[in-house]
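Rule-based calculations on the coordinates, nothing more; no lab input. The model shown is predicted, which means the values in this text are computed figures rather than measured ones. Neighbour counts run over all protein chains shown; Cβ positions are idealised from the backbone, glycine included.
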Amino acid sequence: MPVSKTSTLPVTEESDIVKVRQAVRTGSLEIKCSLVDQTKVVTAASELARNLLIYGGGGEVRIQILEEGLRRGLRVIFEDHGPGIADIEQALKDGFTSGKGMGLGLGGAKRLVSEFNIVSKVGEGTCITITKWK
Amino acid sequence: MADSIPILQLDDLLLVTIQVDMHDRLALQLQDDLTRQINETGARGVLIDISSLEVVDSFIGRVLGNISAMARVLDAMTVVVGMRPAVAITLVELGLSLEGVHTALNVSKGMALLRRS
């Protein structure tokens with residue numbers, strides 16, 4: 001899948017979550033998403049960036065503009081080298097939280113995007129990829 | 001970055017308008033400030049205008065829910081006004097119910113709701 005642009009953002013502190021929101025919004029505007037789709041993907045990114053910081057111990061966010069023929073998309077990758085998720089299926093369930101959250105971040109983010117992929121290994125880290133197609 | 005969100009007092013109501021993309025700590029600061037001010041002023045109602053917010057994620061949603069719950073304990077009612085349609089749609093999809101949080105379309109309707117209670 002041809003990636004026409006990539007930008008990378010570190011997530012090591014709270015203010016980085018805001019930066020990720022802004023960068024994802026810029027990306028969604030670039031592929032000319034509808035307002036609702038913009039809001040959804042930025043909200044999903046906010047959830048996942050926060051998880052990255054709080055549960056992943058910080059990491060990196062990569063934002064890519066995709067072009068597949070006439071179709072344009074926005075891909076956001078959240079990668080950390082944190083503790084990893086032991087039971088992914090459980091983590092995706094609404095209401096499940098290993099911390100003090102509401103337990104909506106992972107499952108919720110999945111519902112807000114077109115494609116959602118999660119790879120995680122205990123002791124090594126987690127990589128979550130979301131894609132919003134225009 | 002803003003230090004705190006300003007809170008206005010109008011008779012026995014507290015008014016807040018969130019104009020910035022809040023980072024988490026600012027949201028928690030607002031939660032604390034509002035709770036303290038309800039207590040100090042004896043306010044009966046809190047109106048939170050979120051018409052400038054383009055994104056309300058589960059953290060902000062939880063803060064709004066907390067503010068509402070804390071206000072209720074202190075015998076005050078909270079109304080959140082001005083939620084953008086795209087935000088409302090996203091919140092439903094996210095699964096955030098905002099239970100216990102009253103909402104109104106705009107400041108006027110929110111004030112009317114507070115005055116009636």
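For the Cα atoms of chain B, what angle does the longest principal axis make with the long axis of helix B:107-116, in degrees from 0 to 90, nearest 10? That works out to roughly 50 degrees. Helical content alone sets the calculated 222 nm signal of chain B at -15000 deg cm²/dmol, taking -39,500 (n - 2.57) per DSSP H segment of four or more residues and averaging over every residue. Counting only alpha carbon atoms, the long axis of helix B:58-73 and the longest principal axis of chain B meet at about 20°. In degrees, nearest 10, range 0 to 90: what is the angle between the Cα axis of helix A:14-30 and the longest Cα principal axis of chain A? Value to nearest ten degrees: 30.
The distance from the alpha carbon centre of region A:1-55 to that of region B:69-110 is 25 Å, rounded to a whole number. Based on alpha carbons, the Rg and Dmax found for the protein assembly as shown are 18.9, 61 Å. Once C-alpha pairs closer than 8 Å and six or more residues apart are averaged by separation and normalised to the residue number of chain B, the relative contact order reads 25 percent. Placing unit charges on the Cβ atoms of the charged side chains and taking the dipole of the protein assembly as shown about its Cα centre, the candidate lying farthest along the positive direction among A:GLY59, A:PHE78, B:SER108 is B:SER108. Label zone of A:LEU35 (point 7 Å out along Cα→Cβ, amide N under 13 Å): in region B:37-71 this covers B:51-55. Per residue, chain A reaches -11500 deg cm²/dmol at 222 nm when only DSSP H runs of four or more residues are counted, each adding -39500 (n - 2.57). Highest GNM mean-square fluctuation among B:LEU13, B:LEU47, B:LEU91, for chain B modelled with Cα contacts below 10 Å: B:LEU91.
Fewest-first ordering of B:VAL107, B:VAL79, B:VAL92, A:VAL24 by other beta carbons within 10 Å of each residue's beta carbon gives B:VAL92, B:VAL107, B:VAL79, A:VAL24. For A:LYS5, the lysines whose Cα comes closer than 29 Å to its Cα, not counting residues fewer than 8 places off in the same chain, are A:LYS19, A:LYS32, A:LYS40, A:LYS110, A:LYS121, A:LYS132, A:LYS134.
Of the residues B:THR41, A:THR8, the one with the fewest other Cβ atoms within 10 Å heads the list, and the complete ranking is A:THR8, B:THR41.
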